[in-house]
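A short write-up of the structure that comes next.
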Amino acid sequence: MDLQLNDNQPLTMHIDLNSCFAMIEQQANPLIRYKPVVVAAYDTPKGAVLASSYEAKHLGIKLMLNVREARLLCPEVIVMTPDPDKYFDAYQRFKKVLLNYTNEVTPKSIDEFIVDFKGSRAVQTGLSLSKVSYQIKQDIKESLGEYVTVNVGISTNRFLAKLASGLNKPDGLDIITAKNLREIYEQLELEDLPGINTRYRARLNMAGICTPLQFLDAPVWKLKKEVFHGIVGFYWFMRLRGYEIDSVKFGRKSFGQQYALGNKTTDLEELSRLLMKLCEKTGRRLRSNNYTAWGIHLSLSFENQMYWTKGEKTSSAIYSTQDIYLQSQKLLYQAVISAKVTNIAVTVFNLRPTDPKQLGLFDNTNLDTRSLAEAADTINDHYGEFTLVPARMANMKDVILKRVAFGNVSEL
């Protein structure tokens, strides 16, 4: 199969906020601008760094170092803990700017979007997409603040647009077309390509493919049979040439919450209380998206670097917080706790839409947990999260704080 590079007009944009959490904090507080700043899960020595400003990055302070390591690299580093409401507000402002140009805006995470300009009035007026991009950059500064910068990549598909957005950080704008594609690939390593990790690189190397240009020039049969052993090889063949194969939307598979314990413990009673709050947060998301679940999964990580995990399908639908809690607590009491628990996570899976709602045997009785859950959700929607909670969650207001999802943000 001999397929030419896609030489269509590049109308797909990938745009992301630079050092999102850290830059938003610097925008909010002028006193910490141009200084090394990190946002960490906790400000304790073992708190993981979630984001670092460019000043901190230049000192070697990268994602997932801990606070102690960051301070060893730079004793003056400013450590902050997450302020999710601030980041959610920035996300909404960011998205609103993009929606002024086209309705085809797809969030990829809290700090990045894919924007499809096919049919957009912004480019139909005769403006080039690069000029539109500079206007978007200016609009973002006006909406989010003058210190905030974004990177923009433009191409004929999502893969190349994302690649372009990472070429010149921060505050870059790059366009990849059929004319400069080979030149761009020539400057990069395999792991510079979005989606190519160490494992994929090893596969490619085993087949004699060691550079992006060799990857591009590899025949489709080689990618399908020798490297990826299936249809994924064909997808890469198309993706590398600028053809869109990543815009398919897949259905939701699960909902879950996890929590890294600030105070590590082996106390089952304390773990049960934490589990209840995770179940409430999971249940709220499950119900707001109109699903029931027919499976539950619980995992625990321990201080000795070991972990325990178990999942099982259920014989009846899981819907209310009580349903999720009872099922997950059964798993908790089966757990082999080998050391203090450092992380706990609960997930519901095997999702089914709740509509059309079937009449239940216990509807309108004191066993009607579904109606009770929906009534509690209505109260919490109106008066604020965790206004009405199960008794086991009493006095847990500041435990399991709101966190920012890096992946799916459709619920924001």
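The values are calculated or read from the model by the stated rules, or taken from the named source; none is laboratory data. Just so you know, these numbers come straight off a predicted model, no measurement behind them. Here the Cβ is made from the backbone with ideal geometry for all residues, glycine too, and neighbour counts use every protein chain on show. When the accessible area is computed, the model is the full protein with side chains, heavy atoms only, and any ligands, DNA or RNA have been set aside. Shrake-Rupley method; radii C 1.70, N 1.55, O 1.52, S 1.80 Å.
Hydrodynamic radius of the stretch 244-349 by the Kirkwood approach over all distinct alpha-carbon pairs: 14.3 Å.
In the stretch 1-155, what percentage of the DSSP-assigned beta bridges are antiparallel, given to the nearest 5? Beta bridges within the stretch 1-155, antiparallel portion: roughly 85 percent.
Is the stretch 1-71 best put as rounded, prolate or oblate by its Cα gyration tensor, with a ≥ b ≥ c the root eigenvalues, rounded for a/c under 1.5, and otherwise prolate when a/b is larger than b/c, oblate when not? Prolate, since a/c reaches 1.5 and a/b exceeds b/c. Counting every alpha-carbon pair across the stretch 73-226, the share separated by more than 17 Å comes to 70%.
Estimated at the nearest 10 Å², the accessible area of Ile184 is 20 Å² with a 1.4 Å probe. Annotation for the stretch 65-147: GluC sites (Glu not before Pro) lying in DSSP loop with at most 14 further Cβ atoms inside 10 Å of their Cβ are Glu76, Glu146.
Considering only Cα-Cα distances, which of the following residue pairs are longer than 24 Å: Lys108/Lys224; Lys95/Lys169; Lys96/Lys179; Lys62/Lys277; Lys108/Lys169; Lys108/Lys340? Among Lys108/Lys224; Lys95/Lys169; Lys96/Lys179; Lys62/Lys277; Lys108/Lys169; Lys108/Lys340, the Cα-Cα distance tops 24 Å for Lys108/Lys224; Lys96/Lys179; Lys62/Lys277; Lys108/Lys340. What the Cα convex hull of the stretch 182-271 gives, in volume per residue, is 182 Å³. Report the far tail of the P(r) of the stretch 314-355, meaning the percent of Cα-Cα pairs longer than 16 Å. More than 16 Å apart: 46 percent of the Cα pairs in the stretch 314-355.
Counting only protein chain heavy atoms and rolling a 1.4 Å probe, the accessible areas of Trp221, Trp236 rank, largest first, as Trp221, Trp236. In plain terms, the chain from Lys179 to Thr265 could stretch by 25.1 nm, reckoned as 0.36 nm per residue minus the Cα-Cα distance. For the stretch 91-176, the set of trypsin sites (Lys or Arg not before Pro) satisfying both a DSSP loop assignment and a count of at most 12 other C-beta atoms within 10 Å is given as Lys118. Just name one of Phe215, Gln258, Phe234: the one whose Cα is farthest towards the positive end of the charge dipole of the stretch 152-269 (beta-carbon charges, Lys/Arg +1, Asp/Glu -1). Sorting the options by dipole projection puts first Phe234.
The accessible surface of the stretch 1-94, taken with every protein chain in place and a 1.4 Å probe, is 55 percent carbon and sulfur. For the stretch 1-25, backbone nitrogen atoms closer than 11 Å to the point 7 Å from Asp89 Cα along Cα-to-C-beta are found at no residue.
In the assembled protein chains, Asp171 presents an accessible area of approximately 80 Å² (probe radius 1.4 Å). For Arg285 and Glu189, the difference between the fully extended length at 0.36 nm per residue and the C-alpha to C-alpha distance is 30.6 nm. When the trypsin sites (Lys or Arg not before Pro) in the stretch 174-239 are filtered for DSSP coil states and for at most 10 other beta-carbon atoms within 10 Å of their beta-carbon, the remaining sites are Lys179.
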